[in-house]
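Following: one structure in structure tokens, then a few remarks.
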Amino acid sequence: MNPKTVKKALKDAIQAMTDYKWLFSARPGKDNTRNRKFPFQKVIPFILAFRGGTLNCEIMDFFGLDPSVGTSSAFIQRRSTILPEAFESLFHDFSRSVDENKLYRGLRLLAVDGSDLQIAANPKDPDSYYPGVNGQRAYNLLHINAMYDLHQHIYVDALVQKSRKADESAALTAMVDRSAIESALLLADRGYESYNNLAHIQEKGWNFLIR
């Protein structure tokens, strides 16, 4: 699948969400009802395009020097009206739209693994917060569990957990159980070889290879 097709699929998925944006609003019927300076359909791709700069720089990079663009405080207010579930829904809708169900000898080739992601410090979230020690700054940590299609080079599922509550086995079984894929060979690293995990994979009708 070429980059233009993938980009169009993402734009289409965002536009489809815009048609029922009330589902992803903190106050349905009140938030995201008017076409403000930061409309829903612009905020979503803007957040996806963040590159780690200051908010003012990010706004200028994305929207240009258009004087009609809102301020950083206006964006923060707008962002607070959009639920995190919006991005989860976008991920799944987009992934399905680019999934061509390519098989290798009759099977989908899937790999699962986990990785930590450090984010800005928020002491109000004890399940992910780590206080600074020995001069280190405090931070919060998330654990991302992902299922990746090795043949198509796309992520087919992902589950984000707070670090102190992270459970890779629970994440694996959740992703296996909710998958619509019928036949697959699941590859995983050591640490996933519990009897419960294998039972869920076998019950799904999948094959597995765990080293």
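The values are calculated or read from the model by the stated rules, or taken from the named source; none is laboratory data. These numbers come from a predicted model, not from an experiment. Cβ placement follows ideal geometry from the backbone for every residue including glycine, while neighbour counts extend to all protein chains displayed.
Look at (1) of a type outside the set (Phe, Trp, Tyr); (2) closer than 20 Å to Arg178 by Cα; (3) free of Cβ contacts under 8 Å to residues at least 60 places away in the same chain and you find that Asp157 fails only one, number (3).
Based on what the data block shows, is Gln161 assigned to a loop (DSSP other than H, G, I, E, B), buried (at least 16 other Cβ atoms within 10 Å of the Cβ) and not aliphatic (A, V, I, L, M)? Please lay out each step first, then the result.
Values: assigned to a loop (DSSP other than H, G, I, E, B): no; buried (at least 16 other Cβ atoms within 10 Å of the Cβ): yes; not aliphatic (A, V, I, L, M): yes.
When the stated conditions are applied, Gln161 does not pass them.
Out of the residues in the range 176-211 meeting the condition of being more than 16 Å from Asp157 (Cβ to Cβ) and basic (Lys, Arg), tell me which one is modelled with the highest pLDDT. Per the criteria, the residue is Arg190.
Among the residues of the range 12-25, those that are in contact (Cβ under 8 Å) with a residue 12 or more places away in the chain and charged (D, E, K, R) comprise Asp12, Lys21.
For the range 118-141, a residue qualifies if it is in contact (Cβ under 8 Å) with a residue 12 or more places away in the chain and small (Gly, Ala, Ser), and the qualifying residues are Ala120, Ala121, Ser128, Ala138. The single residue among Asn101, Asn196 that is of a type outside the set (Phe, Trp, Tyr), more than 20 Å from the chain's Cα centre (by Cα), surrounded by fewer than 16 Cβ atoms within 10 Å (Cβ to Cβ) and not in a loop (DSSP other than H, G, I, E, B) turns out to be Asn196. Condition check for His153 on (1) surrounded by 14 or more Cβ atoms within 10 Å (Cβ to Cβ); (2) of a type outside the set (Gly, Ala, Ser); (3) under 15 Å from Leu187 (Cα atoms); (4) within 19 Å of the chain's Cα centre (by Cα): one failure, at (1). Just for the range 164-175: of the residues that are in contact (Cβ under 8 Å) with a residue 12 or more places away in the chain and not small (Gly, Ala, Ser), which one is surrounded by the fewest Cβ atoms within 10 Å (Cβ to Cβ)? Filtering the range 164-175 for residues that are in contact (Cβ under 8 Å) with a residue 12 or more places away in the chain and not small (Gly, Ala, Ser), the one surrounded by the fewest Cβ atoms within 10 Å (Cβ to Cβ) comes out as Lys165.
Being closer than 28 Å to Ala120 by Cβ and either buried (at least 17 other Cβ atoms within 10 Å of the Cβ) or assigned by TED's automatic domain parsing to the domain that holds Tyr130 (or both) is the requirement here; does His143 meet it? It would help to see each step written out before you state the result.
Numbers: closer than 28 Å to Ala120 by Cβ: yes; either buried (at least 17 other Cβ atoms within 10 Å of the Cβ) or assigned by TED's automatic domain parsing to the domain that holds Tyr130 (or both): yes.
Spelling it out, His143 is indeed closer than 28 Å to Ala120 by Cβ and either buried (at least 17 other Cβ atoms within 10 Å of the Cβ) or assigned by TED's automatic domain parsing to the domain that holds Tyr130 (or both).
For the range 69-96, filtered to residues that are over 15 Å from the mean Cα position of the chain (by Cα) and not in a loop (DSSP other than H, G, I, E, B), the residue that is nearest to Cys57 (Cα to Cα) is Ser72. Restricting attention to the range 120-138, the residues being loosely packed, with under 12 Cβ neighbours inside 10 Å and in contact with a strand residue (DSSP E or B) (Cβ under 6 Å, 6 or more places away or on another chain) number 1. Pairs are defined by a Cβ separation below 7 Å, a sequence spacing of at least 6 or placement on different chains, a first member in the range 30-43 that is farther than 12 Å from Arg79 by Cβ, and a second member that is surrounded by fewer than 14 Cβ atoms within 10 Å (Cβ to Cβ); the pairs so defined are Lys37/Ser68; Gln41/Gln15.
Assessment of the range 128-136 against the conditions (at pLDDT 95 or above, more than 24 Å from Glu88 (Cα to Cα) and touching a Ser or Thr at 6+ places or on another chain (Cβ under 8 Å)) yields at least one matching residue.
Residues in the range 178-185: is at least one acidic (Asp, Glu), loosely packed, with under 15 Cβ neighbours inside 10 Å and either touching a helix residue (DSSP H, G or I) at 6+ places or on another chain (Cβ under 7 Å) or in contact (Cβ under 8 Å) with a residue 12 or more places away in the chain (or both)? Spell out the reasoning first.
Just the residues of the range 178-185 that are acidic (Asp, Glu), to begin with: 182.
Pick out the ones that are also loosely packed, with under 15 Cβ neighbours inside 10 Å and you get 182.
Add one more test, that the residue is either touching a helix residue (DSSP H, G or I) at 6+ places or on another chain (Cβ under 7 Å) or in contact (Cβ under 8 Å) with a residue 12 or more places away in the chain (or both), and what stays is 182.
Yes, because at least one residue in the range 178-185 is acidic (Asp, Glu), loosely packed, with under 15 Cβ neighbours inside 10 Å and either touching a helix residue (DSSP H, G or I) at 6+ places or on another chain (Cβ under 7 Å) or in contact (Cβ under 8 Å) with a residue 12 or more places away in the chain (or both).
All of (1) under 29 Å from Val6 (Cβ atoms); (2) touching a helix residue (DSSP H, G or I) at 6+ places or on another chain (Cβ under 8 Å) hold for Asp149 with one exception: (2).
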